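Q: One structure coming up, written as structure tokens, with questions to follow.
The values are calculated or read from the model by the stated rules, or taken from the named source; none is laboratory data. Since we're looking at a predicted model, the values are computed, not measured. FYI the Cβ positions are ideal-geometry reconstructions off the backbone, even for glycines, and counts take in every protein chain you see. To get the accessible areas, we keep the full protein, side chains included, count just its heavy atoms, and leave off ligands, DNA and RNA. Shrake-Rupley method; radii C 1.70, N 1.55, O 1.52, S 1.80 Å.
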Amino acid sequence: MTALLIILCVILVGIVLVQIARIVELISQIKGEREVMRESSWWNAHLSLVFLVVFLAGVFLSSYYYRNELLGYGPHKAASAHGSDIDSMFNVTLFFTGLVFIITHIALFWFAYKYRWREDRKASFIAHDTRLEVIWTAVPAVVMTLLVVRGLDAWNTIMADVDPNEDYFEIEAVGQQFNWIIRYPGPDGKLGSRDFRLTTALNQVGQDFRDPKNWDDIIVAQECYLPVNKKIRVRIIAKDVLHNFYLPQFRVKMDAVPGMPTYFVFTPTKTTAEYRNELRKYPEYHKPYDPADPQGPKRWEKFEYELACAELCGKGHYSMRRIFRVVPQEEFDAWYRQQESYYLTQIRGKEEDPNKGKVLDIDPPAKDTLSPTPATLSKI
Amino acid sequence: MAEVTKVAVESLDTLEEKLTQELGYDDHFHEHHHGDKYQSNFLTTYIFSTDHKIIGRQFLITGIFWALMGALMSLVFRLQLGFPEADLAWLKPILGKWIQVNDAGIGKLDPEFYYALVTIHGTVLVFFVLTAGLSGTFSNILIPLQVGARDMASPLLNSFSYWFFFLASVVMFLSLFLSTGPFSGGWTAYPPLSALPQASEGSGAGMTMWIVAMALFIVSALLGGINYITTVLNLRTKGMNLWRMPLTIWAFFITAIIGVLSFPVLLSGVLLLMFDRSMGTSFYLSEIVVGGQILDRIGGSPILYQHLFWFLGHPEVYIIILPAMGIVSEVLSVHARKPIFGYRAMVLSMLAIAFLSFIVWAHHMFMAGVNPFISNFFVVFTLIIAVPSAVKVFNWISTVYGSNFRFNSASLFALGFVSLFISGGLTGIFLGNSAIDVQLHDTYFVVAHFHIVMGVAAFFGMFAGIYHWFPKMFGRFMNETLGKIHFWGTMIGAYAVFWPMHYTGMAGVPRRYYDGGASFDAFRHFTELNQFITVAAIIVFFLQVIFVVNFFYSIFNGRKVTTKNPWGANTLEWTTPINPGHGNWPGKIPAVHRWPYDYSKNGEEFVPQYVPLRAGEHDHGH
Ligand code: HEM
Ligand SMILES: [Cu+2]
Ligand SMILES: [Cu+2]
């Protein structure tokens, strides 16, 4: 019923508009074209000025209103080492483009207003001006050069792969419709090899269990932990279609491509707790996390780093959420020690196990030697 | 509005006739084409016509149809994003099973169909509306009229161009009614999603029809493009050398060249995709396990498709915007009563943009897993494009400076175009810098960028062109009051829709999320903003309905054009009769003696191109 009323109203408004427009058109034919031109130019020139003011004001006010949500502002400064380079590049670009945006908009609408049609005005015949043209080709070229140089410098640092001798920690993210499988290397610090042809319901990522490096690998079912200030290399791949490994607060984004492993190297610099404390300074994060539960925890208290998918992968694309928790090294070690080998808990002795019947030195009762010792842990 | 007083017009018309009689080019056209044997009945005149003016109008009206379809689709998915809790059961009569009604009687949009809507919206707006509807319409109507030709080089191929487009439209439209739904993998159709029917419902029959439609469309674009190029190169009237062509013609010419060079690459890309889908090849597929099934496809690369796609895809965005730029340059100059500033710079910058557009495609793939070293080159070339783009903007602004600016619907939309091109072009500088793109890629920031710089700006160019050339197309004016309501409403409304997306994008909200990011703590607090955008989108939609009403109403009832050259413009289309027939000029074709931008020169408000240079006068305002 209301829908019908709304539709009726809209149609009515439309008819009224059309009738008014027809009448105005008729009146203008009586007034004569010159008079109509004069009025139309006066009105629209002034509307241009109003638009200019309202538009620029809107831009400033809205960006002020959302200042705490924006890239590199408020609490949302990057939480990774390379991320601050991205944020600062963003701000440098914002400065130059903002300047151009304001100047050109003022010029455009001000000139249109100032030089609005008048019967007695004569337009000037200016076809070109070589000096001006050289200047405004050269200035953007110089600014672009600056941006390119800084940008590429940052880019090549960000994308540089790890040096094999370097101290880093490697994990693997496998995208599939519609979740992420996250694999940790276990005590040996090395991810075991994979072959997609070995994939089964149980062996989700096609680990080749003839490879001893796979025996201690861990597939994390819940939150994934990462040690703070440690260089992390994520090996990224997809099983079915394209996905994208996206950690917004760390400024990490890389496609997951079936058949072609990609990587992203980053160093988290803020623990989850530190990030929460940042958020705590802002009033909007003191609102309840769950609006239905006003007494419950606040937004800042529930903050988590989230992994999202940023490449359309089908109808569940929007739901590939995982939590990453960044913690101090000791806390990480404690958590890591509790994780169990996927092979031993899920595969050993089953059909997927190529070592069925053989005795392996990791088999129980050698279970003790399996759980990571502080010595092996310090290696990772 | 006729600017020129009656007396002046009459003397001008007689002058024009006299000059054409004396100096014009006689091709004996009407001796060979007695009685218009090609246009003898309704069917041959209006439907299967080979007349470029009719074909142009066919492109326009089909484009308007698709624009409305695309806009309606966007309203449905905007409702989902702005009001995810809303009951959409009332859409069930139209959308059927794609609205799932739960036990409480609340209707929800199916996620699969949400993605189908987004996909088809993108495809039809980019290709059917802003390529066929914009370049198809205006290249057809204006090229012969402005270069002084009787018709296109091959009128028959030209009509094939429309009918291939029509077929493509039919196939795409029918795909909406498949039980598995139309294609739903995004307008870029990246494999493996688009290659594997197991991966998504829309990748079944919907994708097959999408590919067929696109292949037909590419044929249409190529037939059109070859024709435009040939016509501009071979059928210019006496005296119309390249440096005397209006910027519209330059723009259509360059656009056609880009299209002819890049569309075949897309065709090969989608054909290989077709092979992967139905013949068991693995161009784009390798090591895939989908739905528990291990595929025996090895050795292909999904990245290869992205290269092929964006090798067209990036030039395509310039195929869309260059015609709009040409139209805006012409409309601004005519209504500013002032030459376009820096004519040669305008042409050279278009050529530079066209050339560069072929070597920047991988800026869409910075995060796709290509070798990061390669990206260095693409960053450099991408940011170089900003220079010719800036030159164009400065030239438009300088054209307005010192003018006698006539505000009407056409010139307002041209002004609006410049504003939008600035706003959207500047955000391109963020995205073109790969380091910043790490964060912004595939977020709403990209959505804001390309809707402002391409979507809305190209529409504004199209509107400017329609309001300006409506008198030539239909012999009547559009209603100015409605036109101005349309302009101001759309100008404010379109910014209201797309500007805020910069903020959600900077906050990291990914694009193509069915729930707008509601399941993520980091993305979910833009509820009010999303509602605001949706409401603004609905208002903007109704403003476009006003335009459509104005358009069709004015075709039949608009104020009649009473003089040949109502805007006081210099170009040749305004020397044809008010309702030009087959062959455009009743007698000789006027000869051209000067560039088209002699406005307000030596005290004369305008000096049309057919007027010979006066003694001691130089061409080009030197
Ligand atoms: C100053 C000039 C410009 C630069 C530097 C630029 C740069 C970029 C970059 C780097 C992207 C990829 C963003 C991403 O996916 O992460 C992009 C996207 C896009 N740009 Fe531009 N751009 C410019 C002007 C234009 C123009 C003039 C148009 C159209 C007329 C345009 C249309 C598009 C479209 C359609 C997309 C998105 C395609 C998609 O992913 O669906 N851009 N632009
Ligand atoms: Cu996804
Ligand atoms: Cu591009």
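Q: Does B:VAL347 meet the test of being within 13 Å of ligand 1 (Cβ to nearest atom), within 13 Å of chain A (Cβ to nearest Cβ) and more than 30 Å from B:GLN439 (Cβ to Cβ)?
A: Taking the combined requirement at face value, the residue does not satisfy it.
Q: Is it the case, given these coordinates, that B:ALA390 is more than 9 Å from chain A (Cβ to nearest Cβ), hydrophobic (A, V, I, L, M, F, W, C) and part of a helix (DSSP H, G or I)?
A: no
Q: Moving to a separate point now. Return the residues of the stretch A:64-92 that are crowded, with 19+ Cβ neighbours inside 10 Å and hydroxyl-bearing (Ser, Thr, Tyr); say none if nothing qualifies.
A: A:TYR66, A:SER80
Residues are listed down the side, and each one gets a yes or a no for (1) polar (S, T, N, Q); (2) under 23 Å from B:GLU573 (Cβ atoms); (3) within 16 Å of ligand 3 (Cβ to nearest atom); (4) buried (at least 21 other Cβ atoms within 10 Å of the Cβ):
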site: B:GLN293; (1), (2), (3), (4): yes, no, no, no
site: B:SER301; (1), (2), (3), (4): yes, no, no, no
site: B:TRP310; (1), (2), (3), (4): no, no, yes, yes
site: B:PRO315; (1), (2), (3), (4): no, no, yes, yes
site: B:ILE327; (1), (2), (3), (4): no, yes, no, yes
site: B:VAL331; (1), (2), (3), (4): no, yes, no, yes
site: B:ALA336; (1), (2), (3), (4): no, yes, no, yes
site: B:GLY342; (1), (2), (3), (4): no, no, no, yes
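Q: Evaluate the following for B:ALA457: is it over 22 Å from B:ALA345 (Cα atoms) and open to solvent by less than 10 Å² (accessible area, probe 1.4 Å)? Show your work before the answer.
A: Numbers: over 22 Å from B:ALA345 (Cα atoms): no; open to solvent by less than 10 Å² (accessible area, probe 1.4 Å): yes.
It is false that B:ALA457 is over 22 Å from B:ALA345 (Cα atoms) and open to solvent by less than 10 Å² (accessible area, probe 1.4 Å).
Q: Right, here's the next one. How about the stretch B:536-589: which of its residues are assigned to a helix (DSSP H, G or I) and within 30 Å of B:ASP26 (Cβ to Cβ)?
A: Within the stretch B:536-589, B:LEU572, B:GLU573, B:TRP574, B:THR575 qualify.
Q: If we keep just the residues of the stretch B:407-434 that are of a type in the set (Phe, Trp, Tyr) and more than 20 Å from the chain's Cα centre (by Cα), which is farthest from ligand 2 (Cβ to nearest atom)?
A: Taking the candidates together, the pick is B:PHE407.
Q: Quick check on B:THR534: is it in contact (Cβ under 8 Å) with a residue 60 or more places away in the chain, farther than 30 Å from B:LEU75 by Cα and of a type in the set (Val, Ile, Thr)?
A: Working: in contact (Cβ under 8 Å) with a residue 60 or more places away in the chain: yes; farther than 30 Å from B:LEU75 by Cα: no; of a type in the set (Val, Ile, Thr): yes.
Here the answer is no, as B:THR534 does not meet what is asked.
Q: With the condition kept exactly as written, say whether any residue in the stretch B:603-622 is touching a residue at least 40 places away in the same chain (Cβ under 8 Å), small (Gly, Ala, Ser), on the phi > 0 side of the Ramachandran plot and part of a helix (DSSP H, G or I).
A: Of the residues in the stretch B:603-622, the ones touching a residue at least 40 places away in the same chain (Cβ under 8 Å) are B:605-606, B:608-612, B:619-621.
Now narrow it down to the ones that are small (Gly, Ala, Ser): B:621.
With the extra rule that they be on the phi > 0 side of the Ramachandran plot, the set shrinks to B:621.
Next cut, part of a helix (DSSP H, G or I) only: B:621.
So far as the stretch B:603-622 goes, yes, one or more of its residues are touching a residue at least 40 places away in the same chain (Cβ under 8 Å), small (Gly, Ala, Ser), on the phi > 0 side of the Ramachandran plot and part of a helix (DSSP H, G or I).
Yes/no matrix, rows are residues, columns are (1) at pLDDT 95 or above; (2) within 13 Å of ligand 1 (Cβ to nearest atom); (3) at the interface with another protein chain (Cβ under 9 Å from one of its Cβ atoms):
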position	(1), (2), (3)
B:ILE327	yes, no, no
B:LEU332	yes, no, no
B:PRO372	no, no, yes
B:ILE384	no, yes, yes
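Q: Shifting gears a bit: Residue check: is B:ARG78 more than 14 Å from every other protein chain (Cβ to nearest Cβ) and under 25 Å from B:PHE551 (Cα atoms)?
A: When the stated conditions are applied, B:ARG78 does not pass them.
Q: Please specify each residue of the stretch B:350-387 satisfying the condition of being open to solvent by less than 10 Å² (accessible area, probe 1.4 Å) and not hydrophobic (A, V, I, L, M, F, W, C).
A: B:SER357, B:SER375
Q: Please count how many residues of the stretch A:157-177 are open to solvent by less than 60 Å² (accessible area, probe 1.4 Å) and part of a loop (DSSP other than H, G, I, E, B).
A: Qualifying residue count, the stretch A:157-177: 3.
Q: Please indicate, with yes or no, whether at least one residue in the stretch A:318-329 is more than 25 Å from A:ILE232 (Cα to Cα) and either within 16 Å of ligand 2 (Cβ to nearest atom) or not assigned by TED's automatic domain parsing to the domain that holds A:ASN244 (or both).
A: Yes, that holds for at least one residue.
Q: Of (1) open to solvent by 10 Å² or more (accessible area, probe 1.4 Å); (2) more than 10 Å from every other protein chain (Cβ to nearest Cβ); (3) aromatic (Phe, Trp, Tyr), A:PHE196 satisfies all except one. Which?
A: Here A:PHE196 meets the rest and fails (2).
Q: Still on this model: Between B:ILE249, B:ILE229, which is touching a residue at least 12 places away in the same chain (Cβ under 8 Å) and either surrounded by 23 or more Cβ atoms within 10 Å (Cβ to Cβ) or more than 20 Å from the chain's Cα centre (by Cα) (or both)?
A: On inspection, the qualifying residue turns out to be B:ILE249.
Q: Please note which helices (runs of 4 or more DSSP H) are completely contained in the stretch B:92-209 and include at least 3 residues that are closer than 27 Å to B:GLY300 by Cα and in contact (Cβ under 8 Å) with a residue 40 or more places away in the chain.
A: Filter on the stretch B:92-209 gives B:111-123.
Q: State the number of residues belonging to the stretch A:29-53 that are within 8 Å of another protein chain (Cβ to nearest Cβ) and in contact with a helix residue (DSSP H, G or I) (Cβ under 8 Å, 6 or more places away or on another chain). Let's see the steps before the verdict.
A: Going residue by residue through the stretch A:29-53, those that are within 8 Å of another protein chain (Cβ to nearest Cβ) are A:29, A:33, A:36-37, A:40-41, A:43-45, A:47-48, A:51.
Now drop any that are not in contact with a helix residue (DSSP H, G or I) (Cβ under 8 Å, 6 or more places away or on another chain), which leaves A:36, A:40, A:44-45, A:47-48, A:51.
The qualifying residues number 7.
Q: Testing B:SER403 on (1) facing chain A (nearest Cβ under 9 Å); (2) assigned to a helix (DSSP H, G or I); (3) within 24 Å of B:ASP598 (Cβ to Cβ), one condition comes back false. Which one is that?
A: Tallying (1) facing chain A (nearest Cβ under 9 Å); (2) assigned to a helix (DSSP H, G or I); (3) within 24 Å of B:ASP598 (Cβ to Cβ), B:SER403 fails exactly one: (2).
Q: Of the residues B:PHE474, B:PHE394, which single one is open to solvent by 20 Å² or more (accessible area, probe 1.4 Å) and free of Cβ contacts under 8 Å to residues at least 60 places away in the same chain?
A: Answer to the selection: B:PHE394.
Q: Can you give me the ranges of the helices (runs of 4 or more DSSP H) entirely in the stretch B:414-476 with at least 2 residues that are within 11 Å of another protein chain (Cβ to nearest Cβ) and on the phi < 0 side of the Ramachandran plot?
A: Answer list for the stretch B:414-476: B:434-440, B:444-450.
Q: Could you tell me which of the residues A:TYR285, A:TYR305 is within 22 Å of A:VAL162 (Cβ to Cβ), surrounded by 18 or more Cβ atoms within 10 Å (Cβ to Cβ), of a type in the set (Ser, Thr, Tyr) and in contact with a helix residue (DSSP H, G or I) (Cβ under 9 Å, 6 or more places away or on another chain)? Explain how you work it out, then say what you get.
A: Details: A:TYR285 fails: within 22 Å of A:VAL162 (Cβ to Cβ).
That would be A:TYR305, the only listed residue that is within 22 Å of A:VAL162 (Cβ to Cβ), surrounded by 18 or more Cβ atoms within 10 Å (Cβ to Cβ), of a type in the set (Ser, Thr, Tyr) and in contact with a helix residue (DSSP H, G or I) (Cβ under 9 Å, 6 or more places away or on another chain).
Q: Let me ask another. Restricting attention to the stretch A:73-82, and to residues there that are within 14 Å of the chain's Cα centre (by Cα) and more than 8 Å from chain B (Cβ to nearest Cβ), which single residue is modelled with the lowest pLDDT? Break it down into steps so the answer makes sense when it comes.
A: At the first step, the residues of the stretch A:73-82 found to be within 14 Å of the chain's Cα centre (by Cα) are A:76-80.
Next, only the ones that are more than 8 Å from chain B (Cβ to nearest Cβ) stay: A:77-80.
Working: A:LYS77: 89, A:ALA78: 92, A:ALA79: 93, A:SER80: 94.
Filtering the stretch A:73-82 for residues that are within 14 Å of the chain's Cα centre (by Cα) and more than 8 Å from chain B (Cβ to nearest Cβ), the one modelled with the lowest pLDDT comes out as A:LYS77.
Q: Could I ask something else about it? Determine whether the stretch A:308-325 contains at least one residue that is more than 12 Å from every other protein chain (Cβ to nearest Cβ) and open to solvent by 10 Å² or more (accessible area, probe 1.4 Å).
A: Scanning the stretch A:308-325, I find at least one residue that is more than 12 Å from every other protein chain (Cβ to nearest Cβ) and open to solvent by 10 Å² or more (accessible area, probe 1.4 Å), so the answer is yes.
Q: What pairs can you find where one residue is in the stretch A:230-259 and on the phi > 0 side of the Ramachandran plot, the other is within 16 Å of ligand 1 (Cβ to nearest atom) and open to solvent by less than 10 Å² (accessible area, probe 1.4 Å), and their Cβ atoms are less than 7 Å apart, with a gap of 6+ or different chains?
A: Pairs found: A:ARG251/A:ILE86; A:ARG251/B:VAL438; A:ARG251/B:GLN439.
Q: Are any residues in the stretch A:119-150 within 7 Å of chain B (Cβ to nearest Cβ), open to solvent by 70 Å² or more (accessible area, probe 1.4 Å) and in contact (Cβ under 8 Å) with a residue 40 or more places away in the chain, and if so, which ones?
A: If the condition is that a residue be within 7 Å of chain B (Cβ to nearest Cβ), open to solvent by 70 Å² or more (accessible area, probe 1.4 Å) and in contact (Cβ under 8 Å) with a residue 40 or more places away in the chain, then no residue fits.
Q: Restricting to the stretch B:173-188, and then to whatever is among the hydrophobic types (A, V, I, L, M, F, W, C) and surrounded by fewer than 24 Cβ atoms within 10 Å (Cβ to Cβ), can you tell me which residue is nearest to the chain's Cα centre (by Cα)?
A: B:TRP187
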